[in-house]
2 protein chains.
Amino acid sequence: MNTAHRNAPRPDLAAMVVPLGRALMAAEKPVLDAHDLTMWAYAVLCHLDETPLRTQAALAEAIHADKTRIIAVLDDLESRGMLTRRPDPKDRRVRLLSLTPEGRRLRDTVRAAVQNGEERLLGQVPAADREAFLRSLRTLYEMSQGRR
Amino acid sequence: MNTAHRNAPRPDLAAMVVPLGRALMAAEKPVLDAHDLTMWAYAVLCHLDETPLRTQAALAEAIHADKTRIIAVLDDLESRGMLTRRPDPKDRRVRLLSLTPEGRRLRDTVRAAVQNGEERLLGQVPAADREAFLRSLRTLYEMSQGRR
DNA sequence: TATTGTTATACTCTATAACTATA
DNA sequence: TATAGTTATAGAGTATAACAATA
């Protein structure tokens with residue numbers, strides 16, 4: 001006899017969320033590849049525009065990356081003219097990061113493609129549930145990131 | 001001017017789901033540590049009971065692990081009396097895997113603790129949305145795993 | 001002396017390839 | 001020869017520690 005239903009009316013949240021996340025990333029990958037972007041590069045593009053950041057360390061923390069890890073990413077994006085990295089005149093140790101217009105265009109293009117794919121998935125969720133799902137996901141996400 | 005709202009009425013699904021998954025795993029960790037279980041070991045305990053499996057390779061595939069990776073996990077769980085691994089008399093190459101009563105007890109204890117923590121999180125989601133969220137999450141998870 | 005960014009090194013996790021035992 | 005399981009090796013990704021420039 002299977003007693004699982006007594007103790008587990010549902011699978012663990014983590015057991016659904018983590019694999020779903022992996023699948024979403026896998027679905028993103030072809031889009032990113034088509035634009036020669038790594039996942040980290042895309043994260044940089046997405047985050048940089050929303051919140052202009054004064055230091056690389058702050059950017060790294062924002063996207064949950066190690067500060068040493070995003071350096072190659074920034075090198076690449078800078079060399080491709082997607083962002084600029086200039087020393088702050090007030091403190092020449094820090095690098096002021098900003099997206100170029102091309103960087104913003106690239107981000108918009110990729111994001112549109114990514115979200116287009118995601119919409120196809122969301123289409124399988126009953127319309128009546130969709131709003132509540134997105135609202136809840138956002139709540140849980142923000143809580144998990146410590147902004148409540 | 002921030003034009004993000006035009007192109008991104010919401011953050012990417014992946015950008016919310018993946019970090020949420022990381023946070024859920026981090027929240028699980030102390031519970032697992034308290035019972036000397038790795039994430040993989042817990043995954044084995046959870047999956048083994050639901051679907052009795054005849055080969056280790058099948059188990060590995062079910063939890064999205066490499067077959068070489070779960071061997072140390074099985075060694076450990078077996079030595080602790082949480083599962084048995086006996087050769088199939090019909091084909092002595094394959095190992096029949098089954099959870100012992102202690103293994104089932106351990107799984108139940110840990111799962112209860114894990115889900116207890118998750119319920120606290122879910123409590124922050126408006127009750128009206130909670131059902132729809134769980135239903136949708138399950139749908140998306142199952143779709144992403146190829147069972148539709 | 002402390003901090004930002006960078007480079008070099010070491011470590012962890014994961015997958016690939018080689019081996020054994022059965023068939 | 002083919003397959004299940006195991007072991008050994010190599011690779012990718014990540015973090016730690018040392019370094020240079022600036023304050």
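Of everything in the stretch A:43-89, what is modelled with pLDDT of 95 or more and on the phi > 0 side of the Ramachandran plot? Give them in sequence order.
Answer for the stretch A:43-89, where residues must be modelled with pLDDT of 95 or more and on the phi > 0 side of the Ramachandran plot: just A:GLY81.
Among the candidates B:ALA43, B:ALA58, single out the residue that is of a type in the set (A, V, I, L, M), within 24 Å of A:LEU24 (Cα to Cα) and within 11 Å of chain A (Cβ to nearest Cβ).
Only one candidate qualifies: B:ALA43.
Which number in (1) closer than 30 Å to A:ALA26 by Cα; (2) among the small types (Gly, Ala, Ser); (3) more than 14 Å from every other protein chain (Cβ to nearest Cβ) marks the one condition that B:ALA23 misses?
(3)
Does the stretch A:26-38 hold any residues that are open to solvent by 70 Å² or more (accessible area, probe 1.4 Å) and hydrophobic (A, V, I, L, M, F, W, C), and which are they?
Across the stretch A:26-38, the qualifying residue is only A:ALA34.
Go over the candidates A:ARG54, A:ARG93, A:ARG69, A:ARG22 one by one and state the one that is within 12 Å of DNA strand C (Cβ to nearest atom), under 30 Å from B:GLU61 (Cα atoms) and open to solvent by 60 Å² or more (accessible area, probe 1.4 Å).
A:ARG22
Within the stretch B:98-148, count every residue that is at positive phi and in contact with a Gly (Cβ under 9 Å, 6 or more places away or on another chain).
Result for the stretch B:98-148: 0.
Return the total of residues in the stretch B:39-68 being free of Cβ contacts under 8 Å to residues at least 40 places away in the same chain and under 22 Å from B:TYR141 (Cβ atoms).
17
What number of residues within the stretch A:99-135 are touching a helix residue (DSSP H, G or I) at 6+ places or on another chain (Cβ under 7 Å), within 24 Å of A:ALA58 (Cβ to Cβ) and open to solvent by 50 Å² or more (accessible area, probe 1.4 Å)?
Of the residues in the stretch A:99-135, 1 are touching a helix residue (DSSP H, G or I) at 6+ places or on another chain (Cβ under 7 Å), within 24 Å of A:ALA58 (Cβ to Cβ) and open to solvent by 50 Å² or more (accessible area, probe 1.4 Å).
The values are calculated or read from the model by the stated rules, or taken from the named source; none is laboratory data. Keep in mind it's a predicted model, so treat the numbers as computed, not measured. Every residue, glycine as well, gets a Cβ built from its backbone with ideal geometry; the counts of neighbours run over all protein chains shown. Areas reflect the complete protein model, heavy atoms only, side chains present, ligands, DNA and RNA absent. Shrake-Rupley method; radii C 1.70, N 1.55, O 1.52, S 1.80 Å.
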